[in-house]
Every structure is written in structure tokens, then in C-alpha cells.
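A short worksheet on the structure shown next.
Nothing in this text is a laboratory measurement; each read-out follows from the coordinates by a stated rule. Predicted model, so just to flag it, every value in this text is computed and none were measured. When we count neighbours, we look across all protein chains shown, and the Cβ atoms used for this are built from the backbone with ideal geometry, even at glycine.
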Amino acid sequence: MNQTIQRIGERERAYVQQVLDSQFRSSAGGLMTKPLEQLFAETFDSRFAIAFVNGTATMHAALAAAGVGPGDEVIVPPLTMASTAFAALHANAIPVFADIDPHTWTIDPRSIAACITPRTKAIIPVSIYGLSPDMDAIMELAARHNLFVLEDDAECFLGYYKGRIVGSIGHASSFSFQSTKHMTSGEGGMITTNDEELAERIRRFNSLGYAAVGAAAGKGKITRETIQDPLYERHASIGFNYRMPELCAAVALAQLERLQELVDLRIAAAQLYAQAVAGCGWLTPQATPDGYIHSYWTYVAHIAPEVDFSWYDFRNKYKEMGGDGIYAAWQLNHLEPAFRRASFHPEQTQNFDRGLCPVAEAVQPRLLQFKTNYFDPAVAEQKAEALARTIAYFG
Ligand SMILES: Cc1ncc(COP(=O)(O)O)c(C=O)c1O
């Protein structure tokens, strides 16, 4: 990686132009959505891919399609972007927070096991910052307790877990194309799955419950003649309109066609940060176990509790040294006001408090998220040098 690349290039523009030129006449089936879904399914080693407006609607639809409903429990990690737990609430279920592993910061299968009750229906493991959770252990638990596993891979594109691409292991997987993600269409999302019946239910949920939709991209199950019949019954089930707009699909398709390049630039930036952090006794990066390939949505490191300076001192000094404003890891979901007492349904009673996830509570306030999406490699180098100077300053 030694050249500046354009985040939005010629091909993205050309595909958008094609959609505009089509005057939106190619609606269902989709000029861009269909090839996007087909290439996405192929890339992520899955039989089906279904495009969505965002990577939250994806999870709502997948949970609903898997039969998760009122009173059911969905196990999620607390260290994630809030959409993971919101999706459980959107499906009228109850998010149950399992703790994280102290080294990888992904959901800990031992804690998941301790959270399982007769009401548990699903688990949403999150590939936080671009690193897969321990999927073998999670799938084994799920098989034993008959649970639905929905991967939340919003932050993980072309990551690998023991030789398998992340997004092909759970019963379904969710991706986001929101503007900070490896590939983007401004907003957007995708579900992958190998289960044809589930794919059909997901697509129906995302398309107002239309009876005509099938599992595969652009494949309707009913003839035009039937659909035109005045007595035709269109809506087989209750659904939302969560479909991805064609203009977004145009951008997403062009991004997917050069996804490796977009991922590689993040990995290259992460490697520079890793060199800067190497040997520092009080800054520990997210641990990547053997057999995992991290896709580095961000590069995240933990400040040891023994140091005599604060998270804010570090951030301020890094900025002074030429670094960017660092993001903290987001507040743990169970401590957010929205989740502490949330209720979408009479059977949802929640009263979360500190102490529920002790590992996450100890780790989260000390995490630093460094940006990896520098499209000019010289800028990535400057930021890594700023990090090295900051580390040297604190000693
Ligand atoms: C882990 C995680 N899950 C879900 C989402 C939600 O995706 P979206 O913003 O597309 O709804 C995001 C990011 O936005 C995320 O980082």
C-alpha cells in the first residue's frame, strides 16, 4: 500500500449514473441490487445474500425470521455498537448481556453458557473492531441448546476464523455499509445465510411481507399474470420496508468489487500502529488468536490500570503529537439509559446495573480506538509516528 486511493472512485460514479439513466424502471429484482447480492453471497461463501437499508434492520429481520419474539431472550455482548442489543428489542425480545473475553474483547462463550435459560432463543456474537469471536465454541453451545446464531459482522469484512470467512459460520450473518465501514454506500446492510427457508422469510420481512419474493436475488416465485389478478393476495406475512435503495446498491457493488483493496489499507494502518505499540508495557492491543485474521475496522489498545495518567491525558497528548481525536470504546450497552430500563413489550422487564459484566466494565473505559481508514498511506504513517512519540512521552 503506497498510493493514495479514492474512497469513492470512477466505478462507483459510473454505476450510480447507470441507475439514474435507468430512471428507476428496474425496481424489484434490481439493476444493481441483484448483482450486489450475488457477488456478496459468493464473496462470503454463502448461498444467499439479502440487501437492506442498514445493518440494524438486517438483525431485526433475521431475528424475526428465526422466530424470535415476545418474552424470548437473545444473548449479546455489552461491548458493541448499540444496534446489536436494539435488534433484540426491535424483535420484542429481551437482550441478555454476556461478558467479554479479557484478551480478545469478543463475547466469552463461558459467559454465554452461564446466561442460557429456557427462554433463550438466539445469540448474536459480534466481530468487534474486525475480529471474529470464538465461533466453534459458540456454534457448539447453540447446537446443544437449539439456539439461533446471528453473527454481527458490521465491523468485519474479509476477516477469517480458522480458515473460514467471517460471515459464513453462524446460521445468518449481518453486515453494515454505514459510512465508517470497510465498504460503504452511505447507509446499507446485508444478511448472508445458507438456509433457503430462512432467506425467504428474511426477504419477505424486508419487503412488506410480499408473498412473491423468493430466497435468491431477484427471483420472484409468482408470475406477473398472477400478481396482476385483482384477487391476488400480496402480503403473506407482516413485514417492514427495509429494502436497500438502488442508488446505494450501485455504490455498494462498486465497493464490493474492490473490497480487498479497501480492507488491505486498514490492515496496513493497523500494522503500523502495532509496530508503534510493540514493546510498550502498559498498552495492550486486542489479542488476535492463532488461526484468526483480523480485518481491523479500527485498531484498539488497552491502557493498563497501573499507569499514573488518564485516558484523557493520553488522548490529548496524542492529538498534540499529531494524532487524530481517538474514539473511546462506546459505553457498555447495559449501562446506557436506553437499555437499563427499556421496554417495547409488557414481557420485557429490564433493570441492568453495574456489576453485570465485570470484565467488560473493567476493560471498556481504558480502550483507545485508533482510526485505520486513511486513504493516503503517508497519513497513516504520520499517525503511527504520533502514537510512537506519545508512548515515548509517557515512558
Ligand atoms: C457492531 C455493529 N453492529 C451494528 C451496526 C449497525 O449498523 P448500521 O449503522 O448500518 O445500522 C454497527 C455500525 O454502525 C456496528 O458497528
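Using 0.36 nm per residue of separation minus the Cα-Cα distance, give me the extension gain between ARG11 and TRP282 in nm, one decimal.
Between ARG11 and TRP282, full extension yields 93.1 nm more.
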From largest to smallest, what semi-axes in whole angstrom does region 260-394 give when each is the square root of 5 times an eigenvalue of its alpha carbon gyration tensor? 31, 19, 14
Mean shadow area of region 194-334 over all directions, Cα convex hull, nm²: 14.4 nm²
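Could you tell me what percent of the DSSP beta bridges with both partners in the chain are antiparallel, to the nearest 5?
The answer is about 70 percent antiparallel.
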With +1 at each Lys and Arg Cβ and -1 at each Asp and Glu Cβ, the charge dipole magnitude of region 157-223 around its Cα centre, to the nearest 20 debye, comes out at 80 debye
With a cut-off of 19 Å, note down the residues of region 175-192 whose backbone N falls inside the zone around a label point 7 Å from the Cα of SER22 toward its beta carbon. 184-191
What is the magnitude of the charge dipole of region 260-394 about its Cα centre, with +1 placed on the Cβ of each Lys and Arg, -1 on the Cβ of each Asp and Glu, and no other charges, expressed in debye to the nearest 20? 260 debye
Long-range Cα-Cα pairs in region 43-139 (distance over 24 Å), rounded percent: 19 percent
For ALA82 and VAL307, what does the FRET efficiency come to when R0 = 30 Å and r is the distance between their Cβ atoms, rounded to the nearest 0.05? 0.55
Dipole of the chain, Cα-centred, from +1 at each Lys and Arg C-beta and -1 at each Asp and Glu C-beta, to the nearest 20 debye? 580 debye
Among the complete DSSP H segments of the chain, which ones combine at least 18 Å of alpha-carbon extent along their axis with a mean Kyte-Doolittle hydropathy of 0.0 or more? 259-277, 377-394
For n ≥ 4 DSSP H runs only, could you compute -39500 (n - 2.57) per run for the chain, divide by its residues and tell me the 222 nm figure to the nearest 500? -10500 deg cm²/dmol
With point charges of +1 on the Cβ of Lys and Arg and -1 on the Cβ of Asp and Glu, referenced to the Cα centre of the chain, which listed residue (GLN6, VAL96, PHE24) lies farthest in the positive direction of the dipole? PHE24
What GluC sites (Glu not before Pro) in region 234-326 are in a loop by DSSP, with at most 11 other Cβ atoms within 10 Å of the Cβ? GLU306
Residue (of THR390, TRP282, ALA329) at the positive-pole extreme of region 238-395, dipole from beta-carbon charges: ALA329
Please report the relative contact order for region 260-394, taking Cα pairs under 8 Å with a sequence separation of at least 6, and give it as a percent rounded to a whole number. 36 percent
Between ARG258 and TRP330, what is the spin-label point distance in nm, taking each point 7 Å from the Cα along the Cα→C-beta axis? 2.9 nm
Rg and Dmax of the chain, using alpha carbons, in Å: what are they? 21.7, 77
Can you give me the long-range amide H partners of VAL300? Hydrogens built in the peptide plane at 1.01 Å from N, cutoff under 5 Å, separation of 5 or more residues or another chain. GLN286, PHE370
Taking R0 as 45 Å, what FRET efficiency do you get between ALA113 and GLN271 from their Cβ-Cβ distance, rounded to the nearest 0.05? 0.80
Residue farthest toward the positive end of the dipole of region 197-250, with Cβ of Lys/Arg at +1 and Asp/Glu at -1: which of CYS248, THR226, GLY214? CYS248
